[in-house]
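Please treat every number below as a calculation from the coordinates, not as lab data. Keep in mind that what you see is a predicted model, and the values were worked out from it rather than measured. Quick reminder, even Gly has a Cβ in these numbers, built from the backbone with ideal geometry, and neighbours come from all protein chains shown.
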Amino acid sequence: MGGDHAPQATLEGARQALEQWPDLKLLLVGDEVRLREGLVQHGLTGPLESRFELVHAGSVVDFHDEPMAILKEKKDSSIRLAAQAVREGRADGMVSMGHTGAAMVASTLVIGKLPGVERPGLASLMPNLTGRPTVFIEVGANIDSRPEHLACFALMGAVFAEQVLGVAKPKVGVLSVGEEDSKGTTVTLEAAALLRDMDLNFLGNAEGRDIWNGRFDVIACDGFVGNVVLKSAEGMAKMVGQGLKGALMSSLRAKLGGWLVKPALGEFFKQLDYREYGGLPLLGIQGVSVIGHGSSNGHAVKNGIGAAIRAVEGRLHERIQARLSHLAPKG
C-alpha cells in the first residue's frame with residue numbers, strides 16, 4: 001500500500017515479477033477490498049492466481065505518520081504485517097515502496113536485527129566506469145555512526161558484493177577526504193584501523209571520485225554523508241538527462257545526431273535510473289528487506305522484488321551472520 005502510486009504500481013509490479021520468476025509466490029499485504037478491485041486491471045488472474053495470496057491490513061502508514069506508529073496506533077498496518085510474515089517464516093523477504101522510516105522500524109524491530117549488529121545499514125548500488133556497480137553503504141538509516149558501525153557496514157557490504165553481485169574478494173574502502181591513511185575524521189580513521197585488522201580486502205580510504213571510477217567494490221560511510229551523496233547523484237542524473245535532451249532538440253542537426261546516439265544513451269541512463277535497481281537492501285536484519293523509492297512505478301516494484309529474490313537466493317543474512325565473528329581482531 002506504500003508509495004505515490006499504490007496500490008496500482010505495486011499490483012503491476014507483482015504481475016511482472018510473477019511472470020518473470022515462475023517459482024515466485026507473493027503475499028500482497030494491504031486493504032483487501034482495494035487490492036481485489038485492481039487484480040483484473042493488472043492481469044493478476046488465471047494461472048497467476050494460485051501464486052499469490054491477499055493478506056488484509058486494516059491501516060496504512062502515511063508519510064506524515066511517525067515511524068513508530070506501527071508499534072502503537074497502527075499495529076495492523078500493511079508494513080508491520082509484511083514484516084511479521086517474514087519474522088514468522090511465512091515469507092522470505094519484504095519489499096516496500098512506502099514510508100522509509102516505518103519500513104526501517106518494521107525491519108529492525110519486527111523482523112529483528114542479527115546478533116552482533118547494533119545498526120543495520122541501507123546499501124545503494126552506484127553505477128561506475130567498470131559497468132559493475134559500487135556497493136555504497138550506508139545511505140540514510142543512521143545519521144550519526146561510530147567507527148564500529150562503519151566497520152560493520154563495510155563487512156555487510158562486502159558479503160552483499162560476494163553473494164549477490166558475484167564479486168570475488170571485493171575491494172573495500174572507507175569514504176574520506178583523501179586517500180592518505182592520515183586523512184579523515186576521528187570516526188573514519190578509527191573505522192579504517194578496525195578494518196585493517198579484519199579479514200577483508202581493505203584498501204584504505206576512498207575519495208568521492210572513487211564511487212564512480214570503480215576502484216572500490218564496497219565503500220562504507222556514515223548515513224548522513226551517504227544520503228547527501230545519493231540524493232545529489234539522483235539530482236545530477238536528472239539534470240544531465242534533461243540538459244542533454246534539451247541540447248539534442250536544439251536544432252535539426254542535433255536531432256539527427258540524437259537519433260543516432262539514442263540507443264547508446266538509453267543504455268547509459270538505465271545505469272543511473274533507480275527504477276532499474278528497484279530498491280535498497282537493508283543489511284543486518286534476520287531476513288530480507290528491500291526499501292524502494294516512493295515514486296516507483298510497476299517496473300521499479302518488479303525490480304525491487306528481483307533484488308529481494310537475489311538476496312534470499314544468496315542467503316544474504318545467514319552469510320552476514322556467519323561473518324560477524326570477523327569484526328573481532330585477527331588472532
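Brief remarks follow.
- When the chain is described by a simple charge dipole with +1 on each Lys and Arg Cβ and -1 on each Asp and Glu Cβ, the residue from H56, G257, G292 located farthest towards its positive end is G257.
- For the residue pairs K113/K238; K75/K169; K113/K302; K171/K238; K25/K113, the alpha carbons lie more than 32 Å apart in K113/K238; K75/K169.
- Part-to-part distance (alpha-carbon centres) for segment 122-158 and segment 212-239, which is given in Å: 9
- Alpha-carbon centroids, segment 6-76 and segment 189-207: separation in whole Å: 42
- Computed label-point distance, nm, for sites K169 and H64 using a 7 Å Cα→Cβ extension: 5.6
- Helices of the chain meeting both criteria, an alpha-carbon length of 20 angstrom or more along the long axis and an average Kyte-Doolittle score not below -0.5, with helices taken as full DSSP H segments, are 147-163, 223-248, 252-270, 298-313.
- Each Lys and Arg adds +1 at its Cβ and each Asp and Glu adds -1 at its Cβ; summed about the Cα centre, the chain shows a dipole of about 700 debye.
- Restricting attention to the chain, close to 30% of DSSP beta bridges with both partner residues there are antiparallel.
- Cα shape, segment 159-216, gyration tensor, a/c 1.5 rule: oblate
- Rounded, prolate or oblate (a/c below 1.5 giving rounded, otherwise prolate when a/b exceeds b/c) for segment 46-124 by Cα gyration tensor: oblate
- Per residue, the convex hull around the alpha carbon atoms of segment 21-176 comes to 171 Å³.
- The chain: C-alpha gyration tensor shape, a/c 1.5 cut-off, then a/b vs b/c: oblate
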